[in-house]
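Below: the structure, in structure tokens.
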Amino acid sequence: MQPTSTVPATDASLLYPSPLKEFWQAFAHNKGAVGGLAFMSLIVFCALFAPWIAPHDYSEQYRDFLLTPPVWLEGGQWQFLLGTDELGRDLLSRLIVGARLSLLIGLTSVVISLLPGVLLGLLAGFFPRILGPGIMRLMDVMLALPSLLLAVAIVAILGPGLINTVIAIAVVSLPSYVRLTRAAVIGELDRDYVTASRLAGASLPRLMFITVLPNCMAPLIVQASLSFSSAILDAAALGFLGLGVQPPTPEWGSMLASARDYIERAWWVVSLPGLTILLSVLAINLIGDGLRDALDPKLKHAA
């Protein structure tokens with residue numbers, strides 16, 4: 001009878017680490033990205049549970065407390081932690097409810113621009129002589145125009161409002177997805193696994209959406225996170241110009257627009273929405289940096 005081996009069995013988790021765990025370790029290595037994720041988690045939590053978190057109704061006007069300063073300033077009231085605006089509405093409640101619209105605009109515009117952008121990029125990459133030139137020249141024309149000016153022109157044609165704001169921002173963001181997808185596809189088409197799929201008889205839709213597209217998702221995810229922050233900025237800019245979400249619906253940009261006449265005697269009415277936009281965009285950009293570090297194999301190995 002042969003003696004049994006005394007070599008301990010190797011832990012399978014050490015040989016085959018979880019992809020999710022490996023991703024989180026690479027993401028957590030970027031402390032700024034972790035801080036941005038924590039801040040955006042707080043914003044998302046406030047947006048989801050705004051009706052229960054907001055201390056007051058965002059549209060209720062307290063006529064006895066017009067332009068009340070924040071609680072830490074002289075004349076502040078504990079009833080209104082961040083003060084009130086020119087109509088006596090609670091700023092904290094309006095910022096919390098406004099987060100819902102700002103995040104909704106950002107998320108919806110990214111999805112609306114991502115889907116057709118990826119499709120056009122795939123077509124331009126797989127058909128570089130037939131469809132590629134026409135698609136890319138159209139994207140070049142769109143990129144030649146300043147993004148905010150193009151968004152203003154679209155909203156001016158369609159009319160102000162939430163839906164038209166989303167459409168305008170999605171159109172402005174479209175060229176970046178098309179160009180990025182096309183470049184990634186062209187880089188993948190000469191790989192051995194694509195050649196093997198062709199020889200195995202894979203159809204064109206299978207090659208495009210199942211074989212090639214998953215290997216192009218890493219840069220697209222990073223671009224989507226950065227476009228999310230740009231969409232919030234564009235929505236705020238359109239709201240500030242009076243072309244975005246219309247009052248009295250709270251949206252961070254429209255709050256800035258309605259309060260700009262009071263910046264000298266009530267700085268908090270303008271500064272707090274502007275600071276919220278600044279911190280949110282900064283947090284999303286930091287998350288994008290963390291995603292880039294976690295999804296890029298070269299950066300992961302370097303770390």
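For this structure, a couple of remarks:
- Segment 68-104, subset part of a helix (DSSP H, G or I) and in contact with an Asp or Glu (Cβ under 8 Å, 6 or more places away or on another chain), residue nearest to Pro175 (Cα to Cα): Ser102
- Check on Val97, surrounded by 15 or more Cβ atoms within 10 Å (Cβ to Cβ), among the β-branched types (Val, Ile, Thr) and farther than 30 Å from His56 by Cα: no
- Residue count, segment 185-202 (criterion: surrounded by 12 or more Cβ atoms within 10 Å (Cβ to Cβ) and free of Cβ contacts under 8 Å to residues at least 40 places away in the same chain): 7
- Failed item in (1) surrounded by 21 or more Cβ atoms within 10 Å (Cβ to Cβ); (2) touching a residue at least 60 places away in the same chain (Cβ under 8 Å); (3) under 20 Å from the mean Cα position of the chain (by Cα), with Leu148 passing the rest: (1)
- Of the listed requirements (1) more than 22 Å from Gly106 (Cα to Cα); (2) in contact with a helix residue (DSSP H, G or I) (Cβ under 7 Å, 6 or more places away or on another chain); (3) modelled with pLDDT of 90 or more, Phe27 misses just one: (3).
- Every residue from segment 231-284 that is of a type in the set (S, T, N, Q) and closer than 30 Å to Lys31 by Cβ: Ser271, Thr276, Ser280
- Residue list for segment 239-256, filter: surrounded by 21 or more Cβ atoms within 10 Å (Cβ to Cβ) and either more than 20 Å from the chain's Cα centre (by Cα) or at pLDDT 90 or above (or both): Leu243, Met255, Leu256
- Residues within segment 56-91 that are within 19 Å of Leu275 (Cβ to Cβ) and not aliphatic (A, V, I, L, M), tallied: 13
- Scope segment 58-115; condition without any contact (Cβ under 8 Å) to a residue 24 or more places away in the chain and hydroxyl-bearing (Ser, Thr, Tyr); matching residues: Thr68, Thr84
- All conditions but one from (1) modelled with pLDDT of 90 or more; (2) closer than 18 Å to Val166 by Cβ; (3) not polar (S, T, N, Q) apply to Ile232; the one that does not is (1).
- Taking the listed residues Ala235, Ala259, the one that is buried (at least 24 other Cβ atoms within 10 Å of the Cβ) and in a helix (DSSP H, G or I) is Ala235, with no other qualifying.
The values are calculated or read from the model by the stated rules, or taken from the named source; none is laboratory data. Note that the structure is a prediction, hence the values are computed from the model and not measured. Quick reminder, even Gly has a Cβ in these numbers, built from the backbone with ideal geometry, and neighbours come from all protein chains shown.
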